[in-house]
Amino acid sequence: MTIRTRFAPSPTGYLHVGGARTALFSWLYARKHGGEFVLRIEDTDLERSSEESVNAILEGMTWLGLEYDQGPFFQTQRFVRYKEVITQLLEQGDAYYCYCSKDELDTMREEQRAAKQKPRYDGRCRHLKKPKQGVDPVIRFKNPLEGSVTVKDVVKGDVVFQNSELDDLVIARPDGSPTYNLTVVVDDLDMAMTHVIRGDDHLNNSPRQINIFKALKADVPVYAHVPMILGDDGARLSKRHGAVSVMSYRDQGYLPEALLNYLVRLGWSHGDQEIFTIEELIQLFDVEDVNKAASSFNTDKLLWLNQHYIKTSEPEHIAHHLSWHMGQRGIDPVTDGPALSDVVKLQQERAKTLVEMAENSVFFYLVVKEYDEKAARKNLGLASLDVLKDMHQRLKVLTDWAAEPIHDEIKACSVQREIGMGKVAQPIRVAITGNTISPPLDATLTLLGRERTLSAIQQAIIWVEQSHTDN
Ligand code: GLU
């Protein structure tokens, strides 16, 4: 048997971290067993679904690297098939037309409430012999009246539902369009799903879906309902807690592997190991080991993981992700300056996020337009003028443009002027970065190149002269 799992988002918004974690669990499970992972877009709610959301979900999946073996399938393209199954259920006596009007249903529920019963459809159209004229009926599934349904859930254990608690579910609306629980069953059946891994907000749908599977004489898939993610205040994670969209984590400078590593640990563990490569996860993950209880999102830990991955990943890999952030700043690293992977090598020990790294690397590609006020006040005073001029001359004639000779010149300048090396390095740093933050100066200048270094120092010289005359 080939293990087949799916991710079945409704395209009513972006891909959020909860959905991404469910997708990750399904993906890992399929990969672990050499199975197949399917993407299915559940877009039957036409009012709430949008193409924009579909694209946002696909973008999120791609960014995370959760590649699917089949799909995306779209439920809106499968209406003929759903109709076929609805007709089959009608013909075999497992579904029936219901002509009850909204008023009738409301009255029924009110009466039930008054009699202290749980409001539910009482099945009054089950035995209608003749259709009612002038009413477009819905179609209801004939849920078994007696007995119970057990959801054999690998995360939650056996969850038993009494059939007497489940009323006859509407499976087709008056316009004939199928409803959610029907389409999910037909798809899980047709797409040969062996495992349904999804959020535990769907646990209550499972007994209904199992009854439909049984009516169709089909095998019921294995269920795994994974608990939700909570915010740090214990409430269900939502926009209120800040970023919940997967792509907003890219925007904030996280690497996809950091987010994946973080998400997998929310509700799953392997001893006290915190850092996992994807290969390790594929090997170690098992949906049976997912916690029953909800877990809380912790941004500090995500940040810690991100820093770890930034420090330890191949520079080319980081450069690939960093180039998007440079593009956001109007920079094309391929044409505008040094190889981005060389910049990464200098920066990767120093940044917690790619946003931070990008901001601190702009100067490699764009000429500094403004100096940070505090940095300039401290380091580009009149005293810096001679230092800058001296260094300009030294660097101009330096034969070998490399870190060591550059370092030697900074040192020689400081010795000759009887000032600390910082008094030489900091004005240059402000001249080239606009600020006081950069990797070691010799390595930075080496990468920046002679021409850009000299023109930045020259620009600073003019600035110091002018600001002095202005005063
Ligand atoms: N479309 C449902 C959702 O986005 C998921 C249904 C399922 O996984 O069975 O919540």
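Projection of the Cα convex hull of the stretch 237-333, averaged over all directions and equal to a quarter of that hull's surface, yields 7.4 nm². 3J(HN,Hα) along the stretch 417-422, derived from phi through the Karplus expression 6.51 cos²θ - 1.76 cosθ + 1.60 where θ = phi - 60°, amounts to 8, 6, 10, x, 4, x Hz, with x in place of Gly and Pro.
Sort the stretch 99-249 into rounded, prolate or oblate with this rule: let a ≥ b ≥ c be the square roots of the eigenvalues of the Cα gyration tensor; rounded if a/c is under 1.5, and if a/c is not under 1.5, prolate when a/b is larger than b/c, oblate otherwise. It is prolate, given that a/c is not under 1.5 and a/b is the larger ratio. So if the hydrodynamic radius of the stretch 56-126 is defined as the Kirkwood radius over C-alpha pairs, what does Stokes-Einstein give as its diffusion coefficient at 10 °C and 1.306 mPa s, in µm² per second? Approximately 96 µm²/s, per Stokes-Einstein. For SER148, the amide hydrogen comes within under 5 Å of the amide hydrogens of ASN163, counting only partners 5 or more places away or on other chains and with H modelled in the peptide plane. Applied to the stretch 19-33, the Karplus parametrisation 6.51 cos²θ - 1.76 cosθ + 1.60 on θ = phi - 60° returns per-residue 3J(HN,Hα) values of x, 5, 5, 4, 4, 4, 4, 5, 5, 4, 5, 5, 5, 4, 9 Hz, with x for Gly and Pro. Among beta bridges identified by DSSP and lying wholly in the stretch 127-284, the antiparallel ones come to about 60 percent. Projected over all directions and averaged, the alpha-carbon convex hull of the stretch 5-150 occupies 12.9 nm².
Alpha-carbon geometry of the stretch 131-186: the Rg and the Dmax are 14.7, 48 Å, given in that order. Angle of helix 79-91 to the longest C-alpha principal axis of the chain, folded into 0 to 90 degrees and rounded to 10: 20°. In the stretch 311-385, the C-alpha radius of gyration followed by the widest Cα-Cα span (Dmax) gives 14.2, 43 angstrom. Both the radius of gyration and Dmax for the chain are 31.6, 107 Å, in that order, over alpha-carbon atoms. If I fit a long axis through the Cα atoms of helix 299-312 and take the longest principal axis of the Cα atoms of the chain, what angle between them do I get, 0 to 90°, rounded to 10? With rounding to tens, the tilt is 60 degrees. What is the list of residues in the stretch 402-438 whose amide nitrogen lies under 16 Å from a point 7 angstrom out from the Cα of SER455, following Cα to Cβ? Correct set: 431-434. The label point for HIS270 and the one for ASP372, both projected 7 Å from the Cα toward the Cβ, are 4.1 nm apart. Couplings 3J(HN,Hα) of the stretch 254-263, computed from phi: 8, 7, x, 5, 5, 5, 4, 4, 5, 5 Hz, in residue order, whole Hz [Karplus 6.51 cos²θ - 1.76 cosθ + 1.60, θ = phi - 60°; x for Gly and Pro]. Between the helical axis of 384-397 and the longest alpha-carbon principal axis of the chain there is an angle of about 90 degrees.
Take the alpha carbon atoms of the stretch 135-194, find their center, do the same for the stretch 70-122, and report the distance between the two centers in whole angstrom. Using only Cα atoms, the two centres lie 10 Å from each other.
For LEU237, the residues 5 or more places off, or on other chains, whose built amide H falls under 5 Å of its own are ILE229, LEU230, GLY231.
Of the peptides 189-198, 459-468, the ranking by mean beta-carbon count within 10 Å, highest at the top, reads 189-198, 459-468. Applying 0.36 nm per residue to the separation of ASP233 and ILE437 and subtracting their alpha-carbon distance, the gain on full extension is 69.9 nm. Taking the alpha carbon gyration tensor of the stretch 185-265, multiplying each eigenvalue by 5 and rooting it gives semi-axes of 33, 15, 10 Å, largest first.
For the stretch 101-170, GluC sites (Glu not before Pro) are listed when DSSP marks them as loop and at most 10 other Cβ atoms sit within 10 Å of their Cβ; the list is GLU146. Out of all DSSP beta bridges with both ends in the chain, state the antiparallel percent to the nearest 5. Roughly 50 percent of the DSSP beta bridges within the chain come out antiparallel.
Computed from the C-beta positions of GLU104 and ASP190, the FRET efficiency with R₀ = 41 Å rounds to 0.70.
Please go through the stretch 371-450 and write out the trypsin sites (Lys or Arg not before Pro) that DSSP classes as loop and that have at most 11 other C-beta atoms within 10 Å. List each step's numbers first, then the result.
Values: sites: LYS374, ARG377, LYS378, LYS389, ARG394, LYS396, LYS411, ARG417, LYS423, ARG429, ARG450; in loops: none.
Hits after loop and neighbour filter: nothing returned.
Database note for the chain: Cys without another Cys beta carbon under 4.7 angstrom, CYS100, CYS413. By the Kirkwood approach, averaging reciprocal distances over each pair of separate Cα atoms, the stretch 91-188 gets a hydrodynamic radius of 15.2 Å.
Modelled spin labels at GLU404 and ASN291, positioned 7 Å past Cα toward Cβ, are 5.3 nm from each other.
Bear in mind these aren't lab numbers, they're just calculated from the coordinates by the rules spelled out. These figures come from a predicted structure and were not determined experimentally. Here the Cβ is made from the backbone with ideal geometry for all residues, glycine too, and neighbour counts use every protein chain on show.
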